[in-house]
Structures are given as C-alpha cells and as structure tokens.
Amino acid sequence: MSGFVERVKSPAGTKLVLQGNEAFALGVVHAGFHAADGYPGTPSTEVIHDCLSRVQDRMVVGWDVNEAVAVAVGVGHSAAGSDTVVTMKTPGAFQAGDAITTAAFYHAPAGALVYYIATDYIPSSTQHVIDLRYFFYSSRLPVLEPRDHQDFYDFPRLAADLSRRINSPVVILANGILCHSEGMVRTAEPRVVPKRELPENFRGWMGLPNLARKNYDHATKERMPAVEAFFNREPLARFESGDPSWGILASGESSLQVREALAICGLKPARMFLAGTVPFPKEAVLRFAADIKGPIYVFEEGDRWVEERCRLAGINVSGKPVHSSRTEWTPGDILSFLADRGHIAPLPARQKGTVAPVPRPPGICPGCPYRAFGLAVAEARKKDRLTAVFGDIGCSTLLYFMDALDTCMCMGASDSMRQGMVLSRPEQAARFISVLGDSCECHSGLDSTRNAVFRGTPGVKVILDNRITAMTGGQPAPSSGVNLAGNDVSFSLRAVVSAETPNTKTVDAYNLKGVKEALKRALERAEAGDFSCLILEGACVQQVSRESRRRRVRIDVDKCRRCGQCDICPGIELAANKVPHFTALCTNCGGSTPVCMQRCPFGAIEMIREEERQTVFAPQDGKPREYEKPETDSAGLPRSLRVAVRGVGGQGNLFFGRVLSQLAMETPYARTRVVKGDTHGMAQLGGAVISTFACGDVHSPVPAPGTVDVLAAMEMGEVLRPGFLDLLKPGGTVVLNRFRVVPPAMKPQDYPGLDAIRSALKKYRVVELDAHDAARQSGDETGRSANVVMLGLLSTLDPLNRIPEAAWRLALSKVTASDAAQSINNAAFGTGRHIGSEAGDQ
C-alpha cells in the first residue's frame with residue numbers, strides 16, 4: 001500500500017481496487033477526520049500501519065499501548081472537537097470494554113468518534129469468534145456492518161455525520177474477510193470538516209452513578225429510536241426486487257457471499273441487504289417481509305442477531321439451527337443451503353483425496369530470535385525440569401509448535417496465570433514459567449510483573465524482546481525506541497522491568513548457550529523463593545536489512561555426521577540421506593550467529609568467505625523497459641476470470657494477487673468488478689495460505705466449488721489441501737511447482753512423494769515446473785522470484801492467455817517497487833512464459 005498517498009489525491013469518481021482496510025482508511029481521509037488512534041490487531045492493522053501513518057501531515061495518527069488507552073485517547077480527541085477513529089480487533093474491544101461502555105453514554109456535543117473493530121469469525125488470527133453486536137446493543141451503540149468494499153470507503157463519512165448528529169460513538173464492525181480482500185471502489189469528493197469548538201465545561205463527560213442512569217435513559221429512549229429510523233432507510237436497508245415467492249435477508253459481509261451464490265446459480269429471489277444492524281431496522285424488514293409469499297432465509301456472520309430480531313418482530317424466517325456453530329458463510333455454503341431446500345439441484349459430492357494433506361501449522365519465521373529460547377525450553381522439558389509454560393498473544397504463541405508453550409489466554413495474562421498456579425502449588429514454583437513478547441509486556445504484561453512482586457510470588461517470567469509488534473506486521477511499541485511519528489521514545493523496557501524487580505537479567509536471544517544458562521539460573525532462584533525476569537533481546541528478523549538476511553553460512557558435507565542437530569528451522573532441510581542443505585527460506589538469523597551453526601557439534605556449518613559470496617540481485621544494465629497499455633479485445637474475454645493460489649507463508653502469494661488485480665485494471669475488466677482475497681495473520685508464518693483473484697461477473701473474494709479457471713500450487717503439498725481441487729471448473733488447469741517445504745514437526749520421509757501427488761492429480765490437466773530453479777536460472781540467485789515465474793506461466797494458459805503479454809508486463813512493472821527488482825521480475829516472468837509455451841507444445 002505504498003501508493004496510499006497518491007490514492008488520497010485521487011479525484012472524485014476514480015475507480016480503484018483496494019483492500020478493505022485501505023478503502024476504509026481512504027474514506028477516513030476523504031471524510032475529513034482529524035485524528036486516528038488504535039492498537040495493532042489483525043485484521044485491522046493496515047488502516048493505520050500501511051495507510052493513515054502516511055498522511056500524518058493531514059491528521060494526528062498514533063499507536064497507543066493498548067486498546068483501552070486508545071479508546072480513552074479517542075474520547076479526548078472527540079471532546080477537543082476532532083473527528084476521530086479508533087481501530088482494533090474483537091479481543092481489543094473487550095480489553096477496552098470499560099472505556100467503551102462508559103464513553104457510550106456520554107452525549108455532550110463533540111467531534112465524531114468512530115470505532116473501527118475488525119472481526120475474525122473463521123478465525124485465522126485471533127482467539128475470538130464472539131459476536132459483538134449483543135455487547136454493543138447493551139451499550140446502546142449504533143453498529144454499521146460494511147457489505148462490500150464500497151461500504152468500507154463510504155462508511156467513515158456516514159458514521160462521522162451520524163456520530164455528530166446524535167452525539168454518540170458509532171461502531172463500524174468490519175468483517176475480517178473484507179478487511180483483507182480487495183474490491184472495486186469509486187471515490188467521492190474529499191471534504192474538509194472544521195473541528196467543533198471546545199465546550200464551556202467538560203461535565204458532559206462525568207460518569208457519577210446518578211448521571212449514569214440519566215445518560216442510559218437518554219441513550220435508550222432518544223438515541224436508539226433515532227438511529228433505528230435512520231437504519232430503516234436506503235441505502236442501509238437495501239431492497240432488490242425479485243421472485244416474491246421467496247426471499248433472502250442478508251447483513252454485512254454475508255451480502256457479498258449471497259450475491260456470488262445467486263450469480264452462479266442464476267436465481268433472483270426478493271432480497272434485502274442490511275448494513276445498519278444495531279439497532280435492528282424493524283420497519284424496513286417488516287415492509288420487505290410483507291410482500292414475500294414463501295420462506296425468508298437469513299444469512300449473517302457471527303451469531304443469530306438478525307434472525308433473533310426478526311423473530312422478536314413476528315417475522316417468520318429460517319437461518320442457522322439453534323445451536324449452530326457456523327459464524328461465516330461462503331458462496332458454496334449458501335449454494336448447499338439452497339440445494340437442501342430444493343431451490344437448485346444437489347451439488348456434486350466433495351472429492352475425497354487419495355493422499356493425506358500435509359499438516360502445516362504456522363511457525364516462527366526462519367531465523368526468528370525466539371528459536372533459541374524454544375530449543376532451551378524443549379530441552380528443559382525433556383530433562384523433566386519444567387511442567388508447563390504459560391503463554392501469551394503474538395509470535396510467542398507459535399512456540400507451542402516447538403513444544404515450548406502450553407497455554408494462551410489473552411494479552412499480558414501469561415504471568416498472571418503462572419502466579420495463580422504457583423500460589424496454589426507453591427512447592428512447584430520452579431517448574432512453571434511464563435513467556436510473552438515485549439509489546440505484550442508494554443500492553444498489559446507490566447501489571448502482571450507488578451502483581452508478582454506485590455504478591456511475593458516466586459517464579460520466572462521471560463520477555464522475548466524483538467523490539468517491535470511483530471505478529472501484526474511490525475508496528476512500533478514503547479520498547480521500539482521510536483513511535484509512529486518517528487520520534488525517539490525515552491522508554492527503556494530493561495529499566496522499567498528492573499524497577500519492578502531487581503532480579504532482571506538481559507540476554508542475547510541468539511546466544512543459545514547464554515539463553516540456556518540464564519534459564520537454568522532463573523529456575524534455581526525460583527526454587528529459592530525468588531521472582532525474576534529474563535529479557536531475551538534480538539531484533540525481529542523481518543525488521544533487519546535484506547543484506548543482514550543474506551545467507552552467509554554453508555555446510556561442509558565432509559565434516560557432517562548426519563546427526564540432525566541442525567534440523568531446527570524451515571531454512572534448513574535434510575535430504576533422504578540425512579545430509580542437510582539450506583533452503584531459499586534461510587534468513588541467516590538476521591545477521592547474528594546462526595543457531596543451527598551453534599547446534600552443530602562437528603563444525604560442519606561454516607561461514608562463507610567474503611570473496612565467495614554472490615550478489616543477491618543481478619539487475620540488467622540501464623533502466624527497465626517501460627510498457628504502454630495495450631488494447632485488449634473484450635469480445636475475446638470470458639464473462640469472468642478466477643484464479644486461486646496456494647502456498648506457504650513467505651512464498652509471495654500476496655504479490656501474486658497484487659499483480660493479477662493490477663492486470664485486470666489494464667483490461668476491459670476494469671469496467672466490471674475485481675475482487676481478491678488473501679490469508680493474513682498467523683497462517684502467514686510458515687502456515688498454509690491461499691490467495692484468490694476474480695474479475696468480471698463476480699462478487700466475492702471466496703470462490704465457490706467448480707468456478708476457478710486455474711489453480712496454482714506454489715508448494716507441491718498444498719495442492720492436496722482439502723477443498724482446493726474442488727474449486728477447479730471443468731476443463732481448468734492445475735499448475736504444480738515442484739518445491740516442498742517440510743514442516744518442522746514432520747519427518748522428510750513422511751512428506752508425500754511427487755509420484756503420489758501426481759497420482760492424486762491424474763484426472764486433471766496439470767502443468768509442472770520447478771519455479772525456484774527457474775528463477776535462479778533467470779538471474780535471481782535467491783530463487784525468491786519463483787512467484788513471478790509462476791505468473792509468467794499463467795499468462796500462457798487459457799483463458800488467461802487472452803490478455804496480451806504487454807498488459808501482464810505493464811501490471812508487473814506497476815506493482816514492483818524498484819528498478820533492480822523490476823529487472824529480476826521481468827527476467828523471471830519471461831522464463832515462466834517460456835516454460836508455459838513449451839508445455840503448450842507438448
């Protein structure tokens with residue numbers, strides 16, 4: 001989203017393909033907001049991190065230490081007359097619950113206050129699938145649920161106007177799928193909104209008990225009826241005429257899935273799509289239901305709020321079963337629902353794979369500074385020195401997959417849980433430890449540290465200090481030494497923790513021997529009845545320079561004894577004969593002494609001499625070629641195009657999708673709809689990821705079975721992921737990259753063989769390649785442009801080959817950041833096209 005500043009300058013009427021979070025952020029700027037605060041939380045983070053942080057010349061923008069603080073800061077901004085947005089995800093709303101519910105009942109004239117709260121009902125990056133609509137109804141707060149990407153852009157303006165009109169905060173409850181997918185948006189005329197004057201006094205923000213009752217009565221009797229009347233009108237209650245013998249009522253993101261399903265099956269029942277759901281727009285739904293002669297089906301994400309409100313209004317509807325655990329709908333789910341009720345023919349049975357898919361839990365990044373600690377804990381457990389490790393939210397949670405973590409509760413709670421265990425079992429104080437990251441310690445973990453001292457609870461707390469809020473993409477925390485504005489922060493995590501407890505020791509996180517020794521000594525102090533903190537310091541490997549991540553070690557096969565001690569990271573892999581080799585994922589432990597090197601007892605992993613090192617990029621001389629937009633014959637294009645790509649986090653799936661979206665904008669599809677979906681969050685970190693792209697007569701970023709033209713597997717085992725092959729339409733193509741990433745917990749011999757995978761694909765049209773080897777042959781020594789090789793091959797496959805090559809290269813050039821990278825990408829793309837043309841000749 002590096003082009004956000006340019007998009008802010010877009011004139012009214014500009015059509016853009018934007019991620020939901022970016023569309024919302026652009027709407028915030030164009031609506032004239034004055035301030036934005038929040039705490040990072042996938043899937044909401046990009047609003048500030050990638051977007052609003054880039055326009056600090058227009059508005060006050062900042063991360064706060066936690067969500068409760070962010071809400072209170074937002075209330076202060078609002079009281080100062082500033083239109084303000086506060087961002088977070090679902091768990092953050094509960095962390096900020098006291099502040100949200102108290103501020104909900106203030107009604108003094110002020111600047112707008114909008115809460116942007118992203119849900120994750122799958123979930124892919126959080127522990128909550130709780131429906132917040134019930135919470136906000138109890139708080140008498142209006143809730144808007146965006147139905148598509150255009151709503152994401154439009155709702156900041158609408159919510160700000162509503163907030164100022166009713167003197168109340170307004171919630172925008174954004175579905176995580178739309179937050180992280182892309183769709184078409186048309187911009188409006190930007191506006192400038194003057195700040196409200198300061199009030200004569202600030203007693204309107206007083207929460208004494210007698211005032212609280214009056215404020216509650218006001219919100220219940222005046223605010224909510226006014227909002228309900230507003231929600232009863234178009235466009236928030238959008239009616240679309242159709243067959244009156246049956247109807248569909250959908251809210252929020254489910255509206256998009258309904259549109260996709262109906263477009264596929266060709267049905268047109270009467271439809272109503274709700275965006276304002278709290279309070280429930282009863283009159284609008286009653287008018288809709290009055291004209292329906294048959295059943296009305298309700299589709300909504302979360303729980304059964306809309307369905308229950310319909311029943312309370314006396315409207316007979318059918319939706320989820322009473323004890324249904326469904327919290328999301330896909331187009332395929334809706335088609336199955338309609339088939340079960342006789343509206344369409346039964347769907348084909350889901351195919352059963354002949355080869356078991358590779359279990360691929362997410363993991364810490366190759367070269368992560370947490371790995372040495374994970375190994376130290378796993379070793380201590382094998383020696384029966386530890387009973388349990390209490391964990392927290394963030395990258396440290398992934399230590400679970402290294403047998404170095406047992407629990408995960410909520411932000412900052414790891415040591416509190418340990419304390420409860422030790423207070424009940426004091427004789428085992430040295431057998432339990434807690435762990436969390438530096439940003440979690442700054443968020444709310446310091447309260448637990450202080451409580452351990454206050455209660456005199458012995459034990460060990462470990463703070464993994466990677467100097468950043470890493471899981472959500474690298475946002476500054478107080479421990480980073482700098483804030484979002486780029487100003488130095490006079491905060492020292494070492495000093496603060498040391499002030500809480502003098503038994504604080506700092507260790508280099510990459511020093512495996514030092515980490516083991518420090519943990520051993522801390523446990524000995526716990527045995528003696530002391531509480532101590534270990535701070536393991538090492539920068540997040542994603543935040544260090546590309547040069548620092550270049551591999552500088554190699555394996556001396558003659559010295560190697562095949563002991564397997566180095567097989568600890570996706571950056572290294574054992575061959576069938578147990579001889580290790582480095583993979584393209586190696587990050588050189590961010591420039592520190594590689595942990596695998598420290599583990600090798602035979603000195604078989606050695607440094608590469610300076611004169612032997614190769615250049616990472618070998619760009620062509622001169623500036624890359626510039627491409628002009630070609631003419632594309634719309635008559636030769638199908639009504640829609642769909643592509644789905646599976647791989648492993650870190651293989652470049654997100655870039656793959658960006659190129660395809662830009663490609664659509666260079667063709668007549670720019671006049672239709674373009675949607676793209678991606679996996680974000682924990683699954684990115686070495687886990688299974690999927691990217692989807694569609695343009696033309698399409699609506700949803702989630703494809704239905706039997707609709708995708710081309711399936712691409714960047715990692716060959718991922719082609720076996722359940723439901724992936726079901727997406728392919730008859731006559732479609734599967735592209736298989738002969739590249740494997742063996743999960744750390746799997747033995748190489750247990751990974752499905754290429755012949756077994758080929759057998760599972762024997763009834764499909766399959767094009768194979770080794771994209772990583774092809775990328776290296778094209779001049780990219782790292783092989784990391786393998787995704788662009790795959791794009792080149794895709795450009796030769798029907799129906800994607802109906803788009804001119806020049807359009808592909810133009811799209812690729814527009815989303816490539818530098819001239820050097822563009823040279824590498826152009827070469828990789830050409831290599832992919834050559835492979836594709838050869839495959840077509842066979």
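Worth pointing out:
- Spherically averaged projected area of the range 39-114 from its Cα convex hull (nm²): 4.8
- Using the Cβ-Cβ distance between Lys629 and Arg341 with R0 set to 51 Å, the FRET efficiency from 1/(1 + (r/R0)^6) comes to roughly 0.60.
- Globularity ratio of the range 71-123, using Cα Rg and 2.2 N^0.38 Å: 1.18
- Scattering profile of the chain at q = 0.09, 0.10 Å⁻¹ [log10 I(q)/I(0), Debye over alpha-carbon scatterers]: -0.97, -1.19
- Taken about its Cα centre, the chain carries a charge dipole of roughly 840 debye when the Cβ of each Lys and Arg holds +1 and the Cβ of each Asp and Glu holds -1.
- Overall form of the range 235-306 per C-alpha gyration tensor (a/c, 1.5; a/b vs b/c): oblate
- Ordering Ser325, Ser318 by accessible surface, largest first, gives Ser325, Ser318; the 1.4 Å probe counts only protein heavy atoms, with every chain in place.
- Rounded to the nearest 20 debye, dipole of the range 262-397 from Cβ charges on Lys, Arg, Asp, Glu: 340
- Once all protein chains are placed together, Tyr137 keeps about 70 Å² accessible to a 1.4 angstrom probe.
- Spatial separation of Cα centroids for the range 793-812 and the range 193-267, in angstrom: 44
- Separation of the Ser324 and Arg554 label points, Cα + 7 Å toward Cβ, nm: 6.0
- Neighbours of Gly332 by Cβ distance under 12 Å: Lys/Arg scored +1, Asp/Glu scored -1, total -3.
- Relative frequency of Cα-Cα separations exceeding 15 Å in the range 273-365, percent: 70
- Simple rule: put +1 on each Lys or Arg Cβ and -1 on each Asp or Glu Cβ in the chain, find the dipole, and look at Met59, Val742, Ser548; the Cα lying farthest toward the positive end is Val742.
- Legend: distances between Cα atoms for Lys352/Lys382; Lys89/Lys320; Lys268/Lys814; pairs beyond 31 Å are Lys352/Lys382; Lys268/Lys814.
- Helix-only [θ]222 nm of the chain, DSSP H runs n ≥ 4, -39500 (n - 2.57) each, per residue, nearest 500: -9000 deg cm²/dmol
- The range 29-102 and the range 428-476 have Cα centres separated by 25 Å.
- Kirkwood hydrodynamic radius of the range 285-327, Cα pairs, Å: 10.9
- By accessible area with a 1.4 Å probe, ligands and nucleic acids excluded, highest first: order of His834, His128, His323: His323, His834, His128
- With the biggest extent put first, the Cα atoms of the range 517-578 measure 48, 32, 17 Å across the principal axes.
- For Phe432, the shell of other residues with beta-carbons less than 15 Å away shows a net charge of 0, using +1 for Lys and Arg and -1 for Asp and Glu.
- For the chain, the membrane-span-like helices by this rule, meaning whole DSSP H stretches whose C-alpha atoms cover at least 20 Å of axis and whose Kyte-Doolittle mean is -1.0 or above, are 149-166, 512-527, 819-841; this says nothing about an actual membrane.
- Order of exposure, largest accessible area first, which applies to Val60, Val496 with probe 1.4 Å: Val60, Val496
- Within-15-Å neighbourhood charge of Val60 [Cβ basis; K, R +1; D, E -1]: -1
- A crude spin-label estimate for the pair Glu197 and Glu781, with each label 7 Å from Cα along the Cβ direction, gives 6.8 nm.
- Computed with a 1.4 Å probe over protein heavy atoms only, the accessible area of Lys214 comes to about 130 Å².
- Rounded accessible area of Glu666 (nearest 10 Å², 1.4 Å probe): 10
- Enclosing the Cα atoms of the range 288-423 in their convex hull gives a volume equal to 218 cubic angstrom per residue.
- For the range 669-729, the calculated P(r), taken from all Cα-Cα distances in 5 Å bins from zero up to the bin holding the longest distance, is 4, 16, 24, 26, 17, 10, 4, 0 percent.
- Compared with the direct C-alpha span, the chain from Ala806 to Val453 gains 120.5 nm at full extension, assuming 0.36 nm per residue.
- Think of the chain as having a plus end and a minus end, set by charges on the Cβ of Lys, Arg, Asp and Glu; of Thr796, Ser254, Val192, Ser254 sits farthest toward the positive end of this dipole.
- Note that the chain presents 40 Å² accessible area per residue, ligands and nucleic acids not counted, probe 1.4 Å.
- For the range 701-842, convex hull of alpha carbons as volume per residue, Å³: 140
- Relative compactness, the range 431-532, computed as alpha-carbon Rg over 2.2 N^0.38 Å: 1.11
- Farthest positive-ward along the chain dipole, Cα basis, beta-carbon charges - from Phe231, Leu141, Cys408: Cys408
- Summarising the amide proton neighbourhood of Leu113: residues at separation of 5 or more, or on other chains, whose placed amide H is nearer than 5 Å comprise Thr84, Val170.
- Computed over protein heavy atoms with a 1.4 Å probe, the carbon and sulfur contribution to the accessible area of the chain reaches 51%.
The values are calculated or read from the model by the stated rules, or taken from the named source; none is laboratory data. This is a predicted model, so every value here is computed, not measured. Note that we place each Cβ from the backbone using ideal geometry, even for glycine, and neighbour counts take in every protein chain shown. Surface areas here come from the heavy atoms of the whole protein model, side chains and all, with no ligands, DNA or RNA. Shrake-Rupley method; radii C 1.70, N 1.55, O 1.52, S 1.80 Å.
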